[in-house]
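The values are calculated or read from the model by the stated rules, or taken from the named source; none is laboratory data. Quantities reported herein were computed from a predicted structural model and do not represent experimental measurements. With ideal geometry, Cβ positions are generated from the backbone for all residues, glycine too; neighbour counts draw on all protein chains shown. Heavy atoms of the whole protein, side chains included, go into the accessibility calculation; ligands, DNA and RNA do not. Shrake-Rupley method; radii C 1.70, N 1.55, O 1.52, S 1.80 Å.
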Amino acid sequence: MFKKWGREHVCLMATYVTFRDRAAYRELGKVFGLPKAEIDALVKDPTAVVGGDYTKYIVRYAPLLEDFPNYLSVHAGGILISELPLYHYTALLLPPKGYPLCQWDMYVAEDIGFAKWDVLSQRGLGHIKDAVDLVRENRQISVDIHRVQEFVKDPKIRRQLLRHETMGCFYIESPAMRQLIWKLQCADYPTLVAASSIIRPGVASSGMMAEFIRRHHNPSDYVAVHPLMQQIMADTYGVMIYQEDVLKVAHFFAGLDLAEADVLRRGMSGKSRSKKEFERIQAKFFANCRERGYPDAIAGEVWRQIASFAGYSFSKAHSASFAVESYQSLYLKTYFPLEFMTGVLNNFGGFYRTEFYVHEARRSGALIEAPDLHQSQYRARIEGNTIWLGFILIKGLEKNVVQELVKQRSIQPFESLEDFTRRVPAGLEQVILLIRTGVFRSLGRSKKELLWHAHALVNSFVQHEAVPEIFELEEMTWQLPPLWQDETEDRYDELELLGFPLRSPFELLPDAVDGVTARTLSEHAGRIVVITGYLLTAKAIRTKTGQRMVFGYFLDREGEYFDTTHFPQSLEKYPYRGGGMYRMEGKVVVDFGCPSLEVRTMVKLPFKPDPRGGGSGLFLN
């Protein structure tokens with residue numbers, strides 16, 4: 001687009017990044033000149049920090065900065081194209097991306113009259129393509145991923161959907177979507193199409209998502225707000241869930257022509273080019289309702305539903321195409337789960353961190369191996385039921401080292417650490433990263449032996465391209481005393497260098513955990529229980545009164561998932577303190593068969609101390 005229209009006429013769209021709690025504390029900490037260690041401690045737990053006047057001011061003013069502008073960032077896919085050069089309208093910035101950036105966001109652009117083009121990548125398609133290739137390589141099976149008509153009738157895929165086993169599947173893997181599928185007992189394509197739209201914020205915030213679920217289970221046991229609404233939207237139980245529904249209601253219910261109905265839809269979504277025109281349509285909507293004899297209460301309720309939902313709704317075609325891709329992912333996850341999860345890992349895409357896709361692959365029967373000197377590639381690869389994690393996961397490892405490692409290995413396998421250092425131009429720091437991650441474990445020596453060996457070989461490391469040796473040198477032999485090794489050290493190496501432990505994080509707790517498990521939550525409906533969970537993700541929202549509450553998603557000691565709800569009163573007393581392990585007490589609530597925990601108390605549990613020193617992992621992020 002930049003080449004076609006010229007850099008003077010094309011720019012990226014800006015977004016305003018606003019202060020949230022952590023950023024506010026960090027910014028004020030820098031303003032008052034606090035050292036980084038104190039700022040980090042303040043961010044992790046403001047209530048636990050005891051300091052002077054500066055800390056008192058930071059704790060006081062940081063919450064007041066929330067939602068104020070912090071800095072300009074780049075919109076995920078928004079692009080503007082202008083007829084006149086863009087500097088007629090706005091100053092331009094040149095961020096590190098190397099493309100000009102305007103100084104206003106999408107809302108200002110709409111007010112001015114600019115059309116925003118969204119040019120978006122779609123990682124879900126990458127998962128599918130890579131998984132199909134991996135199935136061909138690993139199982140010698142050619143998959144036709146376009147047989148969607150067969151997929152939607154497949155009983156195994158239907159069971160997979162009913163069991164809400166959707167992690168890694170495009171658009172249907174988030175905790176909220178998994179809950180919705182569970183509550184709807186979704187098992188077919190039309191229901192999944194509807195679910196793809198009603199999960200959107202507008203339908204949920206209007207209360208119509210909960211109403212849709214109730215009507216789905218009891219289609220004859222409800223009364224629509226007006227008989228005409230039921231007639232217009234019989235397929236969706238009288239509930240607006242698609243953009244087309246807004247047009248139909250405005251046209252058939254309120255008597256607006258279709259052009260006026262579209263002005264209404266665009267105005268509701270913040271895309272109206274003329275506020276006066278929108279206000280005229282709004283007045284006509286209510287005037288027409290009065291002429292048709294609708295009570296003001298009914299007209300007002302229909303307007304409320306339109307207003308709360310239209311700005312976030314999908315068109316039905318959009319939802320239908322999303323559901324097609326969801327079914328393609330579901331097919332691969334059902335029949336080829338290990339290849340599918342490998343494809344997800346290699347695209348670094350999805351709702352969750354890499355750690356949890358690794359866990360899901362293991363849960364599906366994979367043997368997970370850390371990056372290995374003779375087996376791993378830059379990205380993850382699968383052989384049979386074994387997934388070898390890729391070198392790309394090792395933090396700080398340089399790509400040129402990996403490239404040379406793979407090249408030299410293809411010529412001849414490495415026989416020892418000394419052989420590796422002669423043939424691969426890696427500095428001491430890079431070799432230490434490889435040792436601590438366990439890359440050299442196939443050489444038959446412990447990490448500590450290899451670390452001693454690496455330091456002794458430091459003078460043999462070179463930073464230029466490896467050249468053939470003129471003389472064959474005898475390898476030096478080393479006699480070391482027995483070196484004590486603790487598995488906990490390996491877990492902390494994994495945490496530091498891969499970002500997550502390769503075995504269950506519950507093994508890092510100093511004591512065994514008690515309480516119920518995710519599998520048995522439904523059996524305790526209405527009761528107060530205790531459960532320990534490893535945090536996957538947490539979503540914060542604001543209540544109607546502006547208070548903060550959070551929906552959590554955790555992993556239990558058996559490797560199963562469960563949901564939590566943290567209402568404002570509980571959250572204020574027992575806030576989240578970063579990633580890690582939490583012991584929670586709360587009431588089990590079952591809604592349409594889907595259990596969750598209404599948390600009353602929550603305590604973060606420390607991990608075992610690292611035997612080498614350096615803390616307990618209490619504030620693992």
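Descriptive notes on the structure:
- Filtered residues of the stretch 1-26 (kept if under 15 Å from Cys102 (Cα atoms), surrounded by 14 or more Cβ atoms within 10 Å (Cβ to Cβ) and among the aliphatic types (A, V, I, L, M)): Val10, Leu12, Met13, Ala14
- Selection status of Ser570, exposed (fewer than 15 other Cβ atoms within 10 Å of the Cβ), over 22 Å from Pro201 (Cβ atoms) and modelled with pLDDT of 95 or more: no
- Taken over the stretch 53-75, the criterion of being under 22 Å from Leu120 (Cα atoms) and either touching a residue at least 60 places away in the same chain (Cβ under 8 Å) or open to solvent by 100 Å² or more (accessible area, probe 1.4 Å) (or both) is satisfied by Val74, His75.
- Contact map, the stretch 418-440: residues that are under 24 Å from Ile368 (Cβ atoms) paired with residues that are of a type in the set (Lys, Arg) and assigned to a loop (DSSP other than H, G, I, E, B), Cβ distance under 9 Å, separation 6+ or inter-chain. Pairs shown: Leu433/Lys395.
- Counting the residues of the stretch 509-559 that are of a type in the set (Ser, Thr, Tyr), without any contact (Cβ under 8 Å) to a residue 60 or more places away in the chain and in contact with a Lys or Arg (Cβ under 9 Å, 6 or more places away or on another chain) gives 2.
- Leading residue by the ranking (surrounded by the most Cβ atoms within 10 Å (Cβ to Cβ)) among those in the stretch 306-326 that are over 14 Å from Ala194 (Cα atoms) and modelled with pLDDT of 80 or more: Ile306
- The lone exception for Thr488 - which of (1) modelled with pLDDT of 90 or more; (2) touching a Lys or Arg at 6+ places or on another chain (Cβ under 9 Å); (3) open to solvent by less than 40 Å² (accessible area, probe 1.4 Å); (4) not small (Gly, Ala, Ser) it fails: (1)
- Those residues of the stretch 575-602 which are open to solvent by 20 Å² or more (accessible area, probe 1.4 Å) and more than 24 Å from the chain's Cα centre (by Cα), in sequence order: Glu585, Lys587, Val589, Val590, Asp591, Phe592, Gly593, Arg600, Thr601
- For the stretch 171-180, the set of residues classified as surrounded by fewer than 24 Cβ atoms within 10 Å (Cβ to Cβ) and assigned to a helix (DSSP H, G or I) consists of Pro175, Ala176, Met177, Arg178, Gln179, listed by residue number.
- Tally, over the stretch 1-39, of residues that are assigned to a helix (DSSP H, G or I) and touching a Gly at 6+ places or on another chain (Cβ under 9 Å): 3
- Scan of the stretch 373-390 for residues that are open to solvent by 10 Å² or more (accessible area, probe 1.4 Å) and touching a Gly at 6+ places or on another chain (Cβ under 8 Å), ordered by number: Gln377, Tyr378, Arg379, Ala380, Arg381, Asn385
- Scanning the stretch 134-165 for residues that are basic (Lys, Arg), assigned to a loop (DSSP other than H, G, I, E, B) and more than 27 Å from the chain's Cα centre (by Cα) yields Arg147, Lys153.
- Yes/no for Glu449 being among the charged types (D, E, K, R), modelled with pLDDT of 95 or more, on the phi < 0 side of the Ramachandran plot and surrounded by 12 or more Cβ atoms within 10 Å (Cβ to Cβ): no
- The residues of the stretch 85-114 that are free of Cβ contacts under 8 Å to residues at least 12 places away in the same chain, assigned to a loop (DSSP other than H, G, I, E, B) and farther than 26 Å from Glu27 by Cβ amount to a single one, Gly98.
- Residue count for the stretch 204-254 satisfying the condition of being of a type in the set (Phe, Trp, Tyr), out of contact with any Leu (no Cβ under 8 Å at 6 or more places or on another chain), free of Cβ contacts under 8 Å to residues at least 60 places away in the same chain and open to solvent by less than 40 Å² (accessible area, probe 1.4 Å): 1.
- Only one of the listed residues (Thr532, Thr545, Thr564) is surrounded by 19 or more Cβ atoms within 10 Å (Cβ to Cβ) and more than 27 Å from Glu496 (Cβ to Cβ). That residue is Thr564.
- Condition broken by Gly350, with the remaining ones in (1) buried (at least 20 other Cβ atoms within 10 Å of the Cβ); (2) modelled with pLDDT of 95 or more satisfied: (2)
- Condition met for Gly168 (open to solvent by less than 10 Å² (accessible area, probe 1.4 Å), in a loop (DSSP other than H, G, I, E, B) and within 30 Å of Ala361 (Cα to Cα)): yes
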